[in-house]
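The values are calculated or read from the model by the stated rules, or taken from the named source; none is laboratory data. Predicted model only: the values in this text are computed from it and were never measured. Every residue, glycine among them, receives a Cβ derived from its backbone with ideal geometry; neighbour counts consider all protein chains shown. Protein only, heavy atoms only, side chains kept; ligands, DNA and RNA dropped before computing areas. Shrake-Rupley method; radii C 1.70, N 1.55, O 1.52, S 1.80 Å.
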Amino acid sequence: MNGGNVADQRSTVVQPCARCGARWAVQGKPLHWCPRCHGVLLSPAPVDAPPARRNYRWVARPPGRKSHPAQAVRPQSSLETPRYNQIPRWGLRDRVPDTVATPVGRLEALTARLPRLLIATAVIFGVSALAELGRYGILLRNRTRLIQPWLLWISDGAVTVSSILAALLALLTAVALVGWLVQARRTAYAGVRRVDPRPRVELFLGCLIPGANLVWPGVFLTEAVKTGELDSRLLRAVRIWWAAWILNGVLVVAVLLYRFAGTLQVRADGVLVTMWTDLVAAGVAVLTLWLVRAFAGVDLRGKPLTPRRWLPATAPAVPVIAPVRPAAERKSDSAGRAPAEPVGNDEATASNPAEAEHEEVLAK
């Protein structure tokens, strides 16, 4: 046959080429490489052998597709430490997850302004205390001299305006604090994979009803602290705030009782008690801000708190500096012992000049 596909008609055993598909007759020993394209020759098989008797199969490929190139020899791996000419970007990208904007309600928006509300409440109660102090000074002055009407108008206006603003701002701050309490309890119970057992209505009623709001806010905060891992510092902050809150409530009740007084002296004392009540209210506002930031893990100024861990001592304390003893005791202790030989002492070496000179000659 021409073309070299079948070299001899008498031979019925051929070897197909895996690359070009030419079939070469087997005359003696089978070949390994195709004489035309130098491809791999498959195993010998009869020309008319069915597919079941062949030890190879034909694979159809799309037109124009080249065969797989020969595998290159893999170079030996280097023993040097791998390094990059620039920062690799295949795994160091911190992709910020897409957050869905959730609608913010009025209570949440008010709670977000809680630090500013507490600072404003402390300031307005301080101003109210100054106004009450000014009125008390006018009362003392009025015992011997008459007061100008314009000064009385200024004093009455300052007391009235400051007290009204303080009351309204305190109520607004109380609502914001309840919203913060709801969020704080929800976060605390979520840390232990639980749901807050108290509904929101119960929290609002316990914190806003007069009389009951002296007890239940401390209970709600204590439950939030003791839900997860107990933080003694946070629990102490809750107790300090709770005591100041009860003291403020007692002073408010005392001011209300002074309003029903009939004598001038008791009313004057009521002005002084009102001043102290305003000062305590300003202090409670500052303590509340401290408590809110303590739950967030920061101090009153907004700086992160440094954790403190106490460890039990497993060995007796060893003094770093030896205790000082009197000279008489040191002499008595050293009387029964032989003097220690001086090692590297210049005075001892200088006391024996012959040995020193001998050592110097040997050194030279």
Close pairs (9 angstrom Cβ cut-off, 6 or more residues apart or separate chains): under 12 Å from N213 (Cα atoms) in segment 244-259, β-branched (V, I, T) and open to solvent by less than 80 Å² (accessible area, probe 1.4 Å) anywhere: W245/V284; W245/T288; I246/V215; N248/T277; N248/V280; N248/V284
Flag for V255 being outside any loop (DSSP other than H, G, I, E, B) and farther than 30 Å from W310 by Cα: yes
Any chance T187 is over 24 Å from V161 (Cα atoms), among the hydroxyl-bearing types (S, T, Y) and open to solvent by 40 Å² or more (accessible area, probe 1.4 Å): yes
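For every residue, the table says whether it meets (1) part of a helix (DSSP H, G or I); (2) in contact with a Cys (Cβ under 9 Å, 6 or more places away or on another chain); (3) at pLDDT below 90.
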| position | (1), (2), (3) |
| --- | --- |
| E202 | yes, no, no |
| W241 | yes, no, no |
| I246 | yes, no, no |
| F260 | no, no, yes |
| V266 | yes, no, yes |
| V273 | yes, no, no |
Matching residues in segment 284-301 - criterion: being open to solvent by 30 Å² or more (accessible area, probe 1.4 Å), within 13 Å of V238 (Cβ to Cβ) and touching a Phe, Trp or Tyr at 6+ places or on another chain (Cβ under 7 Å): L287
Selection count where residues are assigned to a strand (DSSP E or B), surrounded by 13 or more Cβ atoms within 10 Å (Cβ to Cβ) and among the hydrophobic types (A, V, I, L, M, F, W, C), scope segment 18-35: 2
Identity of the residue in segment 73-129, of a type in the set (S, T, Y) and out of contact with any helix residue (DSSP H, G or I) (no Cβ under 6 Å at 6 or more places or on another chain), that ends up modelled with the highest pLDDT: T81
Residues being within 21 Å of the chain's Cα centre (by Cα) and loosely packed, with under 12 Cβ neighbours inside 10 Å - total across segment 195-232: 3
Tally, over segment 217-239, of residues that are assigned to a helix (DSSP H, G or I), without any contact (Cβ under 8 Å) to a residue 24 or more places away in the chain and within 19 Å of T187 (Cα to Cα): 4
